[in-house]
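Beneath this line is the structure, given in structure tokens, with notes to follow.
Since every read-out is calculated from the coordinates, none of them should be taken as a lab result. Since this is a predicted model, take the numbers as computed values, not measurements. We place every Cβ from the backbone using ideal geometry, glycine too, and count neighbours over all the protein chains shown.
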Amino acid sequence: MDKPSAVDRGKVFFIGAGPGDPELLTIRGKRIIDAADCIIYAGSLVNRDLFTDSSCPLYDSAGMHLDEIVGIMKETAGKGGIVARVHTGDPSLFGAIREQMVRLAGCGIDYEIVPGVSSAFAAAAALGVELTLPEVTQSVIITRRGGRTPVPEKEHLSLLARHQTTMMIFLSVGMIADVVRELIEGGLPEDTPVAVVMKASWPDEKKVIGTLADIERKVSREKIAKTAMICVGRVFDKTLPVAESRLYDKGFSHQMRKGTQ
């Protein structure tokens, strides 16, 4: 693969590394990582196999604070180097990238975001489901439960649950009992399907299937306490009768096809 052109030098790239499987990294992300003069990655989540072809310095940001991270970026990019700032999944979700971009902008350092595959979608793929089923739900709520870092009052799970849409809950499996309690408080029935996917797309991926009534017990039995997605909603019930979409209905006309009716 060709390296980024000269105009890309002296720049920081925020790269979504995908959920774990190195093959789910985008071609552009791989190209930049291979050409980087410095890689800063979220070591607790990002698969180190992504860097097997890299010979530049690697910095694990798990033990670093913001000033240290930005300092390395400034030093490398300021000398005309390429910085690959590698985040898990897609950096726009719980990536803490805005504070980094604000610092870089203040220093006059250019940056770019390279999107990636979110673990929410990797979890859906692992479960073999469609998150937006016709006449069931057409909305997906991506959220997390408040913990040491709070969430806004209007985004408590009990309030979000009232919409009864598909929910993909990040960073909360260690509080599964509280998650279940708040979802039920919000009006979800105890037989609502729930799936927990740990390390979606990794070799040691694990899936636990249940309902709000039993998912806490099942997750505890499997000793899942982190790095897992909580997936809630009727779309996760594969026995649910679902209306077929109009998109491929032979009687439905749209811009690209005239229907039979």
Flagged as over-length at 18 Å C-alpha distance, from K11/K79; K30/K74; K154/K226; K30/K206; K206/K226; K154/K199, the pairs are K30/K74; K154/K226; K30/K206; K154/K199
So who's got an amide H within less than 5 Å of the one on I113, skipping anything under 5 residues away but keeping other chains? H placed 1.01 Å off N, in plane.
F14
Ranking R85, R103 by Cβ neighbours within 10 Å, fewest first, what do you get?
R103, R85
Looking at the stretch 119-236, what % of its DSSP beta bridges pair antiparallel, to the nearest 5?
75 percent
What is the order of I113, I32, fewest Cβ neighbours within 10 Å to most?
I113, I32
Counted neighbours (other Cβ, 10 Å), sorted fewest up, put I176, I69 in the order I69, I176
At I27 and C107, where each label point lies 7 Å from the Cα along Cα→Cβ, what is the point-to-point distance in nanometres?
3.2 nm
Using only the alpha-carbon atoms of the stretch 6-114, report the extent along each of the three principal axes, biggest first, to the nearest angstrom.
34, 29, 21
What does the charge count around S55 come to, taking other residues whose C-beta lies under 13 Å from its C-beta (Lys +1, Arg +1, Asp -1, Glu -1)?
-3
Note on the chain: contact order normalised by length, alpha-carbon pairs under 8 Å, 6 or more apart, percent, works out to 18 percent
Out of A123, A77, A243, a Gaussian network model of the chain with alpha-carbon springs under 10 Å gives the largest mean-square fluctuation to A243
Bounding extents of the chain in its principal axis frame from Cα atoms, largest first in Å, are 59, 51, 35
